[in-house]
1. May I ask you to list pairs of residues, at least six apart or on different chains, whose Cβ atoms are under 7 Å apart, with the first in segment 184-201 being closer than 20 Å to G108 by Cα and the second being part of a strand (DSSP E or B) and hydroxyl-bearing (S, T, Y)?
2. Just to verify a result, which residue in segment 151-164, among those that are over 19 Å from G39 (Cα atoms) and either of a type outside the set (D, E, K, R) or touching a Phe, Trp or Tyr at 6+ places or on another chain (Cβ under 7 Å) (or both), is surrounded by the fewest Cβ atoms within 10 Å (Cβ to Cβ)?
3. Can you pull out every residue in segment 86-121 that is surrounded by 12 or more Cβ atoms within 10 Å (Cβ to Cβ), modelled with pLDDT of 65 or more and more than 16 Å from L161 (Cβ to Cβ)?
4. I'm checking my understanding of the structure. Among residues of segment 36-46 that are out of contact with any strand residue (DSSP E or B) (no Cβ under 6 Å at 6 or more places or on another chain) and of a type outside the set (S, T, Y), which one is nearest to V133 (Cα to Cα)?
5. Under 8 Å between Cβ atoms, at least 6 apart or on separate chains: pull out the pairs that start in segment 158-170 with a residue that is touching a residue at least 24 places away in the same chain (Cβ under 8 Å) and end on any residue that is among the β-branched types (V, I, T) and assigned to a loop (DSSP other than H, G, I, E, B).
6. Which of the following residues is modelled with pLDDT of 95 or more and within 30 Å of V70 (Cβ to Cβ): L179, L161?
7. Only residues that are among the basic types (K, R), in a strand (DSSP E or B) and either farther than 19 Å from W160 by Cβ or in contact with a helix residue (DSSP H, G or I) (Cβ under 6 Å, 6 or more places away or on another chain) (or both): list them for segment 51-72, please.
8. Restricting to segment 165-186, name every residue that is within 17 Å of P136 (Cα to Cα) and surrounded by fewer than 19 Cβ atoms within 10 Å (Cβ to Cβ).
Amino acid sequence: MSFFDDVPEPPQRPRPPKHVPPVWAGPPSDELPAVVPLGQFLHRSARMIMAAKSVDVFSIGCLIEVVWCVRRSDETDSQWSVVTDQCFNRGGYRLDSETGRGGALRFGVALPDGRKTTTSHLHLGMFDGSEQVAGPVLMMAGGGGGSANDEEIFSSTRFWLWPLPLGGDTLLVAQWDDLGMAEVSVHISGELLAAATPKVQKYWISQ
């Protein structure tokens, strides 16, 4: 007989209720999205590119993936270090003492119905997890990343847009004054998003 044979089984733990985040806070955890390729440059210069890569369409919203790359020119090591920090920290919000404007990376959307929002727009109810947040909501989501060396910096990020914009094209707007990128925009086709919606699949088969 083994020493461990008569060790009692631990008592069953009570199963806590499943946490379901508000719909505005991120994509459903039980859906396989339909992917809509975009492949559109927001900015393209000798120093920097930024592109809207694709949209993951869910039943209630979408994830927009944006990628960018910055090339080193004649920056010193210390100057290149500052650029690297700006890229990985998205510039950090600050106000220029002369212009009164921020130089950080900024994103926003204009929906087909005329409403617009940005990643810095805070909505009433967000801080208490309320379901009653008035859309639209645009927020940075997980899944981005990046890398850097002495010559180039690569980075990407994804944005959760809720609700899913249908009925016309959505305008994606970006600006990054710190890296010399003025306000730019691309259109996301509402027709493509609508065509992708029926292709969204639930993970689980109903019992």
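The values are calculated or read from the model by the stated rules, or taken from the named source; none is laboratory data. This is a predicted model, so every value here is computed, not measured. Every residue, glycine as well, gets a Cβ built from its backbone with ideal geometry; the counts of neighbours run over all protein chains shown.
1. The qualifying pairs are I188/T170; G190/T170.
2. Pass one, segment 151-164, residues over 19 Å from G39 (Cα atoms): 151-153, 162-164.
Imposing the further condition that a residue be either of a type outside the set (D, E, K, R) or touching a Phe, Trp or Tyr at 6+ places or on another chain (Cβ under 7 Å) (or both) reduces the set to 153, 162-164.
Details: I153: 21, W162: 22, P163: 15, L164: 20.
Within segment 151-164, the match that is surrounded by the fewest Cβ atoms within 10 Å (Cβ to Cβ) is P163.
3. Selection gives Q86, C87, F88, G103, A104, L105.
4. To start, the set of residues in segment 36-46 that are out of contact with any strand residue (DSSP E or B) (no Cβ under 6 Å at 6 or more places or on another chain) comprises 39, 44-46.
Okay, now just the ones that are also of a type outside the set (S, T, Y), so 39, 44, 46.
Values: G39: 31, R44: 36, A46: 42 Å.
Among those residues, the one meeting the criterion is G39.
5. Every condition considered, the pairs that remain are F159/T119; W162/I60; P163/I60; L164/I60.
6. On the way: L179 fails: modelled with pLDDT of 95 or more.
Selected residue: L161, the only one of L179, L161 that is modelled with pLDDT of 95 or more and within 30 Å of V70 (Cβ to Cβ).
7. Taking segment 51-72 and keeping what is among the basic types (K, R), we get 53, 71-72.
If we keep only those that are in a strand (DSSP E or B) as well, we get 53, 71.
Within segment 51-72, just R71 meets the criteria.
8. L166, G167, G168, D169, L171, V173
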